[in-house]
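I have a structure here, written as structure tokens, and I will follow up with some questions on it.
Derivation of every value follows stated rules applied to the coordinates shown; laboratory data play no part. Bear in mind the structure is a predicted one, so any value in this text is a computation, not a measurement. Neighbour counts run over all protein chains shown; Cβ positions are idealised from the backbone, glycine included.
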């Protein structure tokens with residue numbers, strides 16, 4: 001093989017690598033980003049639906065989240081949550097953005113401690129419903145007693161670990177939880193956003209919490 005042929009071979013390989021990389025980026029980044037946005041918007045709408053189901057057409061809601069700068073999926077959820085609430089009724093929405101202090105435990109569906117939840121409840125005694133987008137708090141017996149009257153709480157959580165106790169104490173009305181049941185119900189090849197939701201998440205209620213499968 002002469003030098004000219006070698007150069008052509010190297011150039012062809014380089015072009016192939018570039019094309020392959022472009023295709024990979026498209027399917028793993030751009031296409032997945034679209035589905036990711038639609039799925040998280042759907043989660044926000046489901047959270048709004050559950051809030052309206054709990055309160056009826058009006059009420060005072062306090063949402064608990066974190067800065068969305070590093071969590072674009074959370075922004076999709078919160079925007080959709082606000083928009084859907086406006087369509088469902090007359091709700092006074094107060095939004096709390098927790099200071100994470102750069103702790104890695106905070107994220108979409110995780111991070112809310114029992115202590116910080118109790119503080120938020122005590123600052124909002126007129127709230128009808130608290131909605132946490134950063135997980136289900138683990139509450140000690142002392143913290144539950146400190147809450148006094150039991151506030152209604154709706155949560156999005158990566159884990160179902162804290163939920164049985166919260167449901168048992170009648171502190172949670174419903175939860176959107178990452179699914180740990182495999183195979184997931186529904187179609188093997190999801191086609192719609194609802195299919196994707198059923199594959200990756202589940203809605204947990206007082207009636208279904210006993211069947212909740214948590215992480216090993």
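Give me Rg over Rh for segment 72-187, both radii from the alpha carbons and Rh done the Kirkwood way, two decimal places.
Working: Rg = 14.8 Å, Rh = 15.3 Å.
My calculation of the ratio gives 0.97.
Based on the Cβ-Cβ distance from residue 125 to residue 161, what FRET efficiency comes out when R0 is 35 Å, to the nearest 0.05?
Details: r = 29 Å, r/R0 = 0.82.
E(calc), rounded to 0.05, equals 0.75.
Counting pairs of alpha carbon atoms under 8 Å apart in space and at least six apart in sequence, what relative contact order in percent does segment 53-170 give? The partial results should precede the final answer.
Details: 179 pairs, mean separation 35.2, N = 118.
Reported as a whole number, the value is 30 percent.
Next question. Taking the Cβ of each residue in 63, 110, 140, 157 as the centre, tally the other Cβ atoms inside 10 Å and list the residues starting with the fewest.
Fewest to most other Cβ atoms nearby, the residues stand as 140, 110, 63, 157.
I would also like to ask the following. Calculate, in nm to one decimal, what residue 193 and residue 38 gain on full extension: separation in residues at 0.36 nm each, minus their alpha carbon distance.
Working: separation 155, 0.36 × 155 = 55.80 nm, distance 0.69 nm.
Here the answer is 55.1 nm.
To continue, here is another question. Label-point separation (nm) for residue 150 and residue 203, each offset 7 Å from Cα along Cα-to-Cβ?
Taking the two extended label points, one gets 2.1 nm.
Principal axis lengths of segment 28-115 from Cα atoms, whole Å, largest first?
Computed over the Cα atoms, the extents are 39, 37, 16 Å.
So for the pair residue 49, residue 83, with labels modelled 7 Å out along Cα→Cβ, what separation do we get in nm?
That separation, rounded to one decimal, is 1.6 nm.
Can I ask one more? Measuring from label point to label point, each 7 Å out along Cα→Cβ, what is the residue 60 to residue 97 span in nm?
Roughly 2.3 nm, to one decimal.
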